[in-house]
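Inspection log for the structure reproduced underneath, given as structure tokens.
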Amino acid sequence: MPSSREHKVSCSNYQCEIELTLEILSGKWKALIIWNLHLHKTIRYNEFRRLILGITQKMLTQQLKELEKYKIVSRTVYPTVPPAVEYKLTELGEELIPIMSAMDKWGKNYVQLYQENHFED
């Protein structure tokens, strides 16, 4: 839960629960992190940098920490030298996949429509 609204989950504190969902998933990178975890099941920290072009180390760390705090992603540290860190979607995170799949399908359809019709400004 976003810290500014902890212990306030209800439609009286949000215009609706969609607002809460968008607040938790907001930003350029969180959806890409979740989608990649869905596709690859388990990802090590350094693999994210290869899979998600343009994300900085600082931003990746910040986004993963937030997703872990919201219980969307789980983090496992293995006691090796250097430590290996793996991320997976939690059960709660897996519940987002049908939504992400619908967004993926919608985006592909939109691109096709745009290319066929060349929308004007």
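I'm trying to understand the selection: among the residues of region 96-107, which are of a type outside the set (S, T, N, Q) and either surrounded by 11 or more Cβ atoms within 10 Å (Cβ to Cβ) or touching a Ser or Thr at 6+ places or on another chain (Cβ under 6 Å) (or both)?
The answer is Leu96, Ile97, Ile99, Met100, Met103, Asp104.
Would you please list the contacts, defined by Cβ atoms under 7 Å and residues six or more apart or on different chains, that run from a residue in region 62-80 that is among the β-branched types (Val, Ile, Thr) to a residue that is part of a helix (DSSP H, G or I) and modelled with pLDDT of 95 or more?
Close Cβ pairs satisfying both conditions: Ile72/Ile34; Ile72/Leu92; Ile72/Gly93; Val73/Leu37; Val73/Leu64; Val73/Leu67; Val73/Gly93.
For region 14-56, what are the residues that are open to solvent by less than 40 Å² (accessible area, probe 1.4 Å), among the aromatic types (Phe, Trp, Tyr) and in contact (Cβ under 8 Å) with a residue 12 or more places away in the chain?
Once the filter is applied, which keeps residues that are open to solvent by less than 40 Å² (accessible area, probe 1.4 Å), among the aromatic types (Phe, Trp, Tyr) and in contact (Cβ under 8 Å) with a residue 12 or more places away in the chain, region 14-56 yields Trp29, Phe48.
Would you be able to say whether some residue in region 103-119 is at pLDDT below 95 and not in a helix (DSSP H, G or I)?
Checked region 103-119: at least one residue is at pLDDT below 95 and not in a helix (DSSP H, G or I).
In region 73-90, what count of residues is obtained for those that are open to solvent by 80 Å² or more (accessible area, probe 1.4 Å) and in a strand (DSSP E or B)?
So the answer is 3.
Need the failing condition index for Gly93 against (1) modelled with pLDDT of 95 or more; (2) part of a loop (DSSP other than H, G, I, E, B); (3) open to solvent by less than 90 Å² (accessible area, probe 1.4 Å), just the number.
(2)
The values are calculated or read from the model by the stated rules, or taken from the named source; none is laboratory data. As the structure is a computational prediction, the values presented were derived from the model and not from experiment. Ideal geometry is used to build each Cβ from the backbone, glycine not excepted, and the neighbour counts take in all protein chains shown. Ligands, DNA and RNA are excluded from the accessible area calculation, which covers all protein heavy atoms including side chains. Shrake-Rupley method; radii C 1.70, N 1.55, O 1.52, S 1.80 Å.
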